[in-house]
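To keep things clear, I will list the structure first and then write my remarks on it.
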Protein chains: 8
Amino acid sequence: MKLVIYLAGQIHDNWRGELMQQAQERNYSFEFVAPQTDHDRSDDIGEVILGKQPSNLYRDDAASAVNNLRTQVLMAKSDVVVAVFGEKYRQWNTAMDVSTALTLNKPVIIVRPEKLIHPLKELSNKANVTVENIEQALEVLGYIFE
Amino acid sequence: MKLVIYLAGQIHDNWRGELMQQAQERNYSFEFVAPQTDHDRSDDIGEVILGKQPSNLYRDDAASAVNNLRTQVLMAKSDVVVAVFGEKYRQWNTAMDVSTALTLNKPVIIVRPEKLIHPLKELSNKANVTVENIEQALEVLGYIFE
Amino acid sequence: MKLVIYLAGQIHDNWRGELMQQAQERNYSFEFVAPQTDHDRSDDIGEVILGKQPSNLYRDDAASAVNNLRTQVLMAKSDVVVAVFGEKYRQWNTAMDVSTALTLNKPVIIVRPEKLIHPLKELSNKANVTVENIEQALEVLGYIFE
Amino acid sequence: MKLVIYLAGQIHDNWRGELMQQAQERNYSFEFVAPQTDHDRSDDIGEVILGKQPSNLYRDDAASAVNNLRTQVLMAKSDVVVAVFGEKYRQWNTAMDVSTALTLNKPVIIVRPEKLIHPLKELSNKANVTVENIEQALEVLGYIFE
Amino acid sequence: MKLVIYLAGQIHDNWRGELMQQAQERNYSFEFVAPQTDHDRSDDIGEVILGKQPSNLYRDDAASAVNNLRTQVLMAKSDVVVAVFGEKYRQWNTAMDVSTALTLNKPVIIVRPEKLIHPLKELSNKANVTVENIEQALEVLGYIFE
Amino acid sequence: MKLVIYLAGQIHDNWRGELMQQAQERNYSFEFVAPQTDHDRSDDIGEVILGKQPSNLYRDDAASAVNNLRTQVLMAKSDVVVAVFGEKYRQWNTAMDVSTALTLNKPVIIVRPEKLIHPLKELSNKANVTVENIEQALEVLGYIFE
Amino acid sequence: MKLVIYLAGQIHDNWRGELMQQAQERNYSFEFVAPQTDHDRSDDIGEVILGKQPSNLYRDDAASAVNNLRTQVLMAKSDVVVAVFGEKYRQWNTAMDVSTALTLNKPVIIVRPEKLIHPLKELSNKANVTVENIEQALEVLGYIFE
Amino acid sequence: MKLVIYLAGQIHDNWRGELMQQAQERNYSFEFVAPQTDHDRSDDIGEVILGKQPSNLYRDDAASAVNNLRTQVLMAKSDVVVAVFGEKYRQWNTAMDVSTALTLNKPVIIVRPEKLIHPLKELSNKANVTVENIEQALEVLGYIFE
């Protein structure tokens, strides 16, 4: 049995790479998928495909249409979602991914620093497990196959 | 035919009161429901019911459990969700409500200031309609019955 | 028991008014809902609410967002969909409404002239009943309560 | 991870062949499925299987029954739907496929020429992404695996 | 709380009338709905609406299309299905109604004579309760409100 | 807006009566439904309707068929489930009701004494809120309408 | 792409064997599954596993429980259902399988002799395609991969 | 075709090992998954990952969150659930697993000693098949592939 893990969340440090490397070291049988993590590419993709848009509003809407399609396809294939929240940025799309996954009956592990306990409390309460670092998230994932 | 509208979102000004008053002036046939808008009550409700919790983490989790139950009941009764985002606070629970509603096939109108175009772009792209003020949201609601 | 009937389809003659009048004459207990039938209002509604858009593409997208929200709300309330196709115009949104209703497990009656048998064959095959005029559609509706 | 792409839409030029060839050149890991693209075969299939029907109405209904079964099986296997609209013909079955896919929570990319912006506006607004040519559609598909 | 009961099944004696009268005598708060019980009307309805069909096959298909629409609407409104099987006739549409209801998560009470135990065993095993006469079915219904 | 509350759980004391009385005193707008609380009637109902069964196994199966039908109908009408666990008896049907409700996306409040924390931990973790007495459960219900 | 075909229906001649052999000759890529076709084994299986039951009623119920579990597992894996009705026997479990499949959104091909047109009319109208022999059913299946 | 079987239930003897060994001896093509069967590990896992919790209540909640995530992932992959109840312990999580599986339309085989007939009667009535030992459960599983 192979599980697909969707790695939602912030793209400001290389947490996905670290998590994937640790998973490999432990010989875990997971396939990882994720949103576009190249921030510029993610912001540009709408105009790359559709051409110059009339303003930032339309530029952002065109990009997010393509990004949302990507997320929808990959999340449909996923068995678990790991979502990492950081202290910077709004990260509403991460909250969106968590809530979509939960409503679709996919289990979610939230990773967030202690400072974010209060603003994330409703999402944490709905998620299956909330932890503070990716090692802990990986331990939860590994526990599935024990 | 009577529609129930869930008013998700920020609780830092009286936008719900204004929207409801304007709806009444226009004789719209809506019933409005909303999350707890008394911020202190919302934060305290877990300990009010369950007693003193061992730390802020558990206090927040207890409160959000009760708030999430409330939201789940009222959103299940709703036909449309109006979600207002403001510039202050993280508002991840608002993003959660929007995404839950969309996944449950309930239409969503997002109200957000121009400054939030970029961080809200994925949610806006998924929502049915995004506007900048509650008068516009009300016009969309009114259009249903024209 | 009261049933809600969604009247999808072309807006180039007053078939909805005729159908509703005949239903009233027969004392049928239906509540009828429909898309916006004022064609100009339907095309303008996006700019009326959101202001002038940068081109016809965005103007059309803004209008259809509001029209789609309306349809989604009213169809969710409906028990049966009657869809009338005429010989003019593309009417892809009518085909969209029929297919959405069928996928949501709502019964559909298609009304179409003989000339449209061939291009509508896949939709007709999926719909519950296909007839040629609104009197026939009304007879089907009336049969539910016999 | 392998994705299945359903290629809905017009059968008046070889757009499917071009798209598949370009996908192969880019080494994309997709499996493509499609409706019957031999137009005569598609129209005849009912009588081929069931024998001569009493009139065109029944001939068309018999053919569309088999075509709809095919579409239902293949779309159930698909992860993304690409739908191409052309300027000729009614293409109501293409609109039907798009709407079915969206209601089943499958992402849809619409390809349509500029002239069809207005009649396709409601479908475009519901679809994930709308583009003007198959190269753009392919770029969207490729972006999923970046 | 008012419950709607769909009375599926054979139309060869007046079991529906008896059941409804007994429910009235016991002051039960049920609304009863049923398929067309006038057998000729049920067989004719397709041609009554669509006109003379080319053969019995098409005549039967036209009639069953209208009958199936009726059943779909009324069953969607129902809380419980009571299905009575008799010793005459094939009654495959009754089996169809039972199975549809069960798959839609609606509880089903089957009423059948002892002689039909063996041929109905798979349906009985899936149904909630199987009894031998309508008095027993009514007792089950009444028990809901005790 | 009126909510229906299903009162699942033990029938060894009059907690339902107390909860309903307190709800009335607070003028809460709830309609309460519940399983059969007359224990003998609940155990006998199968044989009352179907006659003497060949052994206790069949007697119990006949009774639980009728009880399960009742629960299925009433839970389908409910907006919230309150489930009370006591220290006596196995109460597996209560656990079944809680889990069914949660899987059907209905919110659940569990009431259990401190001694049952450990054996109920998986159910509590899935439920929306867990409290220790019915006053607390009622406060959660009342909070929905604040 | 490999499809799984569930072969529902009568077990009084070797139609499944013929269909599978013809599929093999045509090199079709299908995996076929079916109910237990050994009639005695199907009737005995309950008592084989659970031991002697107190009467035929309980013997039949025990057997159908195991048969229904088998059907539920295999149908969940299937992409298309082919159901053959013959002139003998009640075959209510075949009607049950067809209706379950249709409600679960699985396409169904019914095979029935001309004499059964009338009693099967409601099921035929709901099924995707109705034919008169297994060669025709196989042609429909083969058409999926053309 | 390979089936995944989830082995829910008590962990007080090695029934899973025996069942798996017998399945292997019969060359059955099943993949078995199960909850954590190391009781201490199951109780400790929350604190192992999240650190010392303030009391047993929070310790149990943390552990059950991780255990529930595991169950949710593995049950989603399963085709059949076998649930063994023993005479010791409350086993409410086993009842929870059974009810979740049934509500998700997954077939369930319950294994329980004769003494538990009465307290398990509602669950048994909902489950597909109830037997008394694992050999019988294995025979039911084997019957799927006959």
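The values are calculated or read from the model by the stated rules, or taken from the named source; none is laboratory data. Bear in mind the structure is a predicted one, so any value in this text is a computation, not a measurement. Neighbour counts run over all protein chains shown; Cβ positions are idealised from the backbone, glycine included. When the accessible area is computed, the model is the full protein with side chains, heavy atoms only, and any ligands, DNA or RNA have been set aside. Shrake-Rupley method; radii C 1.70, N 1.55, O 1.52, S 1.80 Å.
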Of every Cα-Cα pair in segment C:80-139, the percentage lying beyond 18 Å is 24
Over all Cα pairs of segment E:1-81, the Kirkwood radius sets Rh, and Rg/Rh then becomes 1.08
In whole Hz, the Karplus estimates of ³J(HN,Hα) for segment D:110-118 (6.51, -1.76, 1.60; θ = phi - 60°; x where Gly or Pro) are 9, 10, 8, x, 3, 4, 9, 3, 5
For segment C:34-91, one quarter of the surface area of the C-alpha convex hull, expressed in nm², comes to 4.6
Distance in nm between B:GLU18 and G:HIS118 label points, each 7 Å along Cα→Cβ, equals 7.1
Rounded to whole angstroms and listed largest first, the alpha-carbon spread of the protein assembly as shown along its three principal axes comes to 72, 72, 61
Over 22 Å (Cα to Cα) among C:LYS2/G:LYS121; A:LYS77/G:LYS77; B:LYS2/B:LYS121; E:LYS121/G:LYS52; F:LYS115/H:LYS121; A:LYS88/B:LYS88 -> C:LYS2/G:LYS121; B:LYS2/B:LYS121; F:LYS115/H:LYS121
Ranked output for segments A:77-86, H:33-42 by mean other Cβ atoms within 10 Å, highest leading, reads A:77-86, H:33-42
Longest principal axis of chain C (C-alpha) makes with the long axis of helix C:39-50 (C-alpha) an angle, in degrees to the nearest 10, of 40
Ordered by number, the residues of segment C:104-122 with at least 20 Å² less accessible area in the assembly than alone (1.4 Å probe) are C:LEU104, C:ASN105, C:PRO107, C:LEU116, C:ILE117, C:HIS118, C:PRO119, C:LYS121, C:GLU122
Heavy-atom accessible surface buried between C and D, both sides counted, 1.4 angstrom probe, nearest 100 Å², is 3200
Among residues of chain A, the one whose beta-carbon sits nearest the axis that rotates A onto C, given with its distance in integer Å, is A:PRO54, 2
Other residues with Cβ under 12 Å from the Cβ of F:ASP97 give, with Lys and Arg +1 and Asp and Glu -1, a net charge of +2
For the pair D:GLU25 and A:LYS52, the simple spin-label estimate (label points 7 Å beyond Cα toward Cβ) gives in nm 2.7
If unit charges are put on Cβ atoms (+1 for Lys and Arg, -1 for Asp and Glu) and the dipole of segment D:27-106 is taken about its Cα centre, the option from D:SER78, D:TYR58, D:LEU104 lying farthest towards the positive end turns out to be D:LEU104
Taking D:108-116, H:120-128 and ranking on average Cβ neighbours within 10 Å, highest first, one gets H:120-128, D:108-116
Here segment H:21-32 yields Karplus 3J(HN,Hα) values (6.51, -1.76, 1.60; θ = phi - 60°; whole Hz; Gly and Pro given as x) of 5, 4, 5, 5, 4, 8, 6, 6, 9, 10, 10, 9
Here the net charge surrounding H:TYR28, from other residues whose Cβ is less than 15 Å away from its Cβ (Lys, Arg +1; Asp, Glu -1), is -3
Per-residue average of other protein chain Cβ atoms inside 10 Å, peptide D:88-94 -> 6
Taking Lys and Arg as +1 and Asp and Glu as -1, residues besides D:TYR58 with C-beta under 11 Å from its C-beta add up to -1
Computed for segment E:80-139: size of charge dipole around the Cα centre, +1 on C-beta of each Lys and Arg, -1 on C-beta of each Asp and Glu, debye to nearest 20, value 240
Mean accessible area per residue over the protein assembly as shown (1.4 angstrom probe, all protein chains present, square angstrom) is 38
Excluding ligands, DNA and RNA, the carbon-plus-sulfur percentage of the accessible area of the protein assembly as shown with a 1.4 Å probe reads 43
One would report the Cα pair-distance distribution of chain C, bin width 5 Å, in %, as 2, 9, 19, 21, 19, 15, 8, 4, 2, 0, 0
Diffing segment F:77-89: the Karplus 3J(HN,Hα) column from phi (6.51, -1.76, 1.60, θ = phi - 60°), in whole Hz with x for Gly and Pro, holds 8, 8, 9, 9, 10, 10, 10, 9, 9, x, 7, 8, 6
